Each structure stands twice: as structure tokens, then as C-alpha cells.
Amino acid sequence: MQITRAIVPAAGRGTRLYPITKAQPKEMLPLGARPTIQAVAEELTAAGLSEILFIIGEGKSAIEDHFDPEAGVLEGEPPLFNHDRVQFFFTRQGAPRGLGHAVQCGERFAADRHVVVALGDCTIQSPEAAAPLRRMLEAHMQHGAAASIVVQQVSAEDTRRYGIVAPGRRLDENAIEISDIVEKPGPEAAPSRMAVAARYVFSPQLFSYLATSTPGHGGELQLTDAIRAMIADGHRVLAVPLRRDEYRLDVGNPASYARAFVRAMLADPQFGEGFARDTANILLRQDEHQAHNGSNDERSCDPDLPEDSG
Ligand code: G1P
């Protein structure tokens, strides 16, 4: 069995980022030198996914424009993607009814096959771009799972921002069976600190569970609740942990976006080195101002001031 299709929910309004996202999709915010959604698509294609459905909605047409093989392409430049190897599809989630509902919009696209779900406002940064997705896909097939989920360790205060899994038996180096999953529990109710990290793969059974789900956390149809019902019916669901040198870059709120941008920029092959140097100098200069020692020692160079500006 080869898994080739991926659903990318990108319809959320991004209210946690207002006013940045009042009139532009959060998925188009740059992560380093590329829009987030492009980084997501590159991660998916690097893992061998070749048919990608974006779930968009009101105010998100910039995403569709971005993946157009001809519109906006500079003369003499190749298109962003090799369109012989990957095909992009778009559909709309009419109203924001939750992540579960967004994924449901991809049911016909999944067409009774196993399908990857990759949230459009996060990328996974890894020394090897597609490694986390590959480990997830391998574990999923090897252990005959109904669902497999990439997870990351979070702090106790942060459990309320994520789906949190209850880990059970470890099957091998990459896969842990999970016995429950809860959407955004407070630290007192969280079954662990292992958080759902925006990448999933599902068997087609998911869609029958979504069809019978009822609104959950925040009054929305939650993907987490459908997974919970799958586990309760005895289906095997796996957690695939991120490694220590792998990070989920999340553009969902201003603070996480700022960190994500810096990490992505530092890893950029063209701009990373210069950015690291400039940032170090900006911080050093700020420290010097704060220390205000008045000495005439040689000062660090602020990249945004001319060298002779003192
Ligand atoms: C969604 C999921 C949550 C998951 C998170 C990050 O929440 O519902 O389970 O942990 O993405 O992958 P959101 O951040 O969209 O509110």
C-alpha cells in the first residue's frame, strides 16, 4: 500500500494573530524565505505525497494563487513545484465548524484510501525534511494502524493548547500505542504531556467516525474526538514522537510565530548564516545600550545603522 494523498486544512480564521491576519491567510505568513503553506507542501512532497488537497475558505484565495503553476511566476524562473510529480487540489469549508469538519471536506478526495492530514499553519523542522512524516507513515503501515499521529513533548501549562494523548505500550523505537486522547485539557486533566503535533495519517474508517461525531471543545467538530471514538472501539492508534532535534514550527499566535520565523530563517541555506550574524549583533547592541557603560570600547556593529553612525 502506498499512501499518496494528503489533506491540508487551511481554513481557520487565525483570530489569535489579529490584526496580522485580518485580511490575509496565516498560512501565507513567511517562515524564513517561504510562505508557511509552501513549506508544508514541500515537507509533504519530500515524503512522497503527490496529491494534495487544501481545505480553504473565505479570505484564503491567496493560497490557491500561490500554487498556480503559471500565475505570478517570474520570467525565466521555474515554477515552485514540479507539477508532473505533484498535483494540488482546493476545496472550501463554507463555515468554521472545526478541524474535524475541515477534514470531512476531504472525504471524497480520500476516496477510501489511507490519507495524511497535515495542518497548514505548522511545519515540522528536522535535519532531514521529511523524516518525521516518513517515520509516521512507516509505523502506520508496519503496525496496521487505523490512525497514527506525530507527537511532541510540551510543558504542563501548555497542555491546554493541544490534543494530548495517553501513551500505552511502546511497539518499537518509533511507535507507541495510545489508549486515549483528549482535546486541550488543563494540566490537572491531561493524561500526559505528549501533544498532537499537526501531522496524522488515517485509514478511511476515520470518515465514519467524523460522520457520527458531535461538537466538542469550543463547540466545534474536533478531529481528536473522532480519534478518541476509534480507540474506544478497539482500533489501533499510534503516537510517533518527534526527536530532540525536530521542532514543530507554529504560526498560530504571535509569540510562536516569531520563534518559528527565527528558526526557519536560521535554517535557510541562502540567508541563514547572514541572519544569524545580524541577529547576534542586534542583540549584542541592545545589551550594550542596556548596560550603558559609556566606555569607548569597540562596539558591535548594528546591521541597520551605517558603520560611522557611532
Ligand atoms: C489543533 C488540534 C490539536 C493539535 C493542534 C496542533 O488545534 O485540534 O489537537 O494539538 O492543532 O497540532 P488548533 O491549534 O488548531 O486549535
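Quick look at the numbers
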read-out	value
Residues located in region 265-290, provided they are touching a helix residue (DSSP H, G or I) at 6+ places or on another chain (Cβ under 7 Å) and assigned to a helix (DSSP H, G or I)	265, 266, 272, 275, 276
Which numbered condition residue 128 fails, given (1) surrounded by fewer than 23 Cβ atoms within 10 Å (Cβ to Cβ); (2) within 16 Å of the ligand (Cβ to nearest atom); (3) within 21 Å of residue 263 (Cβ to Cβ)	(2)
Those residues of region 250-278 which are within 16 Å of the ligand (Cβ to nearest atom) and under 15 Å from residue 126 (Cα atoms), in sequence order	250, 260
In region 41-57, the residues that are within 21 Å of residue 30 (Cβ to Cβ) and in a strand (DSSP E or B)	52, 54, 56
One residue from 47, 118 being farther than 22 Å from residue 221 by Cβ and in contact (Cβ under 8 Å) with a residue 60 or more places away in the chain	47
Selected residue (criterion: farthest from the ligand (Cβ to nearest atom)) from residues of region 140-149 that are crowded, with 23+ Cβ neighbours inside 10 Å and among the aliphatic types (A, V, I, L, M)	145
Among residues of region 237-266, those that are modelled with pLDDT of 95 or more and among the small types (Gly, Ala, Ser), counted	4
Single match in 233, 180 (criterion: of a type in the set (Asp, Glu), at pLDDT 95 or above and either under 24 Å from residue 2 (Cβ atoms) or surrounded by 16 or more Cβ atoms within 10 Å (Cβ to Cβ) (or both))	180
Only listed residue being more than 22 Å from residue 21 (Cβ to Cβ) and either of a type in the set (A, V, I, L, M) or within 16 Å of the ligand (Cβ to nearest atom) (or both), chosen from 46, 102, 118, 95	46
Residue check, residue 109 of a type in the set (Phe, Trp, Tyr) and surrounded by 17 or more Cβ atoms within 10 Å (Cβ to Cβ)	yes
Residue match in region 12-27 (condition: surrounded by 24 or more Cβ atoms within 10 Å (Cβ to Cβ), in contact with a Leu (Cβ under 6 Å, 6 or more places away or on another chain), under 30 Å from residue 112 (Cα atoms) and at pLDDT 95 or above)	no
Boolean, residue 19 is within 25 Å of residue 257 (Cβ to Cβ) and without any contact (Cβ under 8 Å) to a residue 60 or more places away in the chain	yes
Sole exception among (1) under 23 Å from residue 253 (Cβ atoms); (2) out of contact with any helix residue (DSSP H, G or I) (no Cβ under 8 Å at 6 or more places or on another chain); (3) away from the ligand (no atom under 16 Å from the Cβ) for residue 57, by number	(3)
Criterion violated by residue 152 - all others in (1) touching a Pro at 6+ places or on another chain (Cβ under 8 Å); (2) buried (at least 24 other Cβ atoms within 10 Å of the Cβ); (3) within 29 Å of residue 34 (Cβ to Cβ) satisfied	(2)
Selection from region 185-214 of residues that are farther than 26 Å from residue 138 by Cα and either touching a Gly at 6+ places or on another chain (Cβ under 7 Å) or aromatic (Phe, Trp, Tyr) (or both)	213
Inter-residue pairs, beta-carbon under 8 Å, first more than 14 Å from the ligand (Cβ to nearest atom) and in region 152-169, second in a strand (DSSP E or B) and modelled with pLDDT under 95, 6+ apart	none
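The values are calculated or read from the model by the stated rules, or taken from the named source; none is laboratory data. Bear in mind the structure is a predicted one, so any value in this text is a computation, not a measurement. Glycine gets a Cβ as well: all are built from the backbone with ideal geometry, and neighbour counts include every protein chain shown.
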